[in-house]
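Below: the structure, in structure tokens.
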Amino acid sequence: QDTSWQQLVGLSFNVPAMLLSVELLNRQRITAKKLQIAGFLLMAFAYALYGVLDAVQVNAWVLFAAYCFLNFTLSFGPNVTTFVLPAATFSGDTKSTMNGLCAALGKLGAVVGTQVLPVLLDLGLSYVLGACLVTCVAGALLTQVCVEAKAYETVLLEADAGEGGVA
């Protein structure tokens with residue numbers, strides 16, 4: 001019974017994280033590329049923090065707070081920009097095909113993760129957290145290298161002109 005309310009509290013951090021991401025994008029406080037990179041790095045930090053706190057065996061409430069923070073980071077940034085960047089990055093003639101390809105690759109990553117993470121968990125939680133941390137850093141690096149800096153502004157301009165978009 002205790003775990004039910006703890007799970008509810010922990011997962012409730014997802015909603016404000018998504019709302020903050022959308023608000024930052026809609027008010028053009030940050031580009032989608034920068035938000036995605038910041039989100040990946042924040043997740044990597046949260047995984048490292050949780051791993052360190054777990055390793056030093058802190059009080060359960062401190063670990064729970066780190067879990068809540070981790071949940072926040074999982075829904076901040078990449079959880080929102082995943083839907084924005086493909087639409088903003090690809091040209092109109094390839095947008096739907098490339099959007100589908102990006103979605104398919106995301107599903108492939110989910111399949112690989114569901115197969116690999118249980119094996120890592122058998123080795124210990126630190127291996128799972130380490131793999132997630134490395135994946136987040138790789139995501140930040142790939143975003144830096146592969147995503148155009150002003151991709152999101154294209155979507156905003158299209159939306160302002162009545163051509164679709166997310167604004």
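What follows draws every value from the coordinates through simple rules; no lab data is involved. The structure presented is a predicted model; accordingly, all values stated were derived computationally and were not measured. Note that we place each Cβ from the backbone using ideal geometry, even for glycine, and neighbour counts take in every protein chain shown.
Structure data summary
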| read-out | value |
| --- | --- |
| Sites excluded, trypsin sites (Lys or Arg not before Pro) in DSSP loops with at most 13 other C-beta within 10 Å, longest stretch of the chain | 30-149 |
| The chain: DSSP helices with Cα axial extent of at least 30 Å and average Kyte-Doolittle hydropathy no lower than 1.6 | 125-146 |
| Pair-distance profile P(r), taking every C-alpha pair of the stretch 1-71, with 5 angstrom steps and integer % | 3, 15, 19, 21, 17, 12, 8, 4, 1 |
| Contour minus Cα-Cα distance for Leu49 and Leu20 (0.36 nm per residue) | 8.3 nm |
| Residue-span extension gain [Val9 to Arg29] - 0.36 nm each, minus C-alpha spacing | 4.4 nm |
| Where labels lie 7 Å past Cα in the beta-carbon direction, separation of Ala104 and Thr82 in nm | 1.8 |
| Cα pair distances in the chain, grouped into 5 Å bins until the bin that holds the longest one, percent each | 1, 8, 14, 18, 19, 15, 10, 7, 4, 2, 1 |
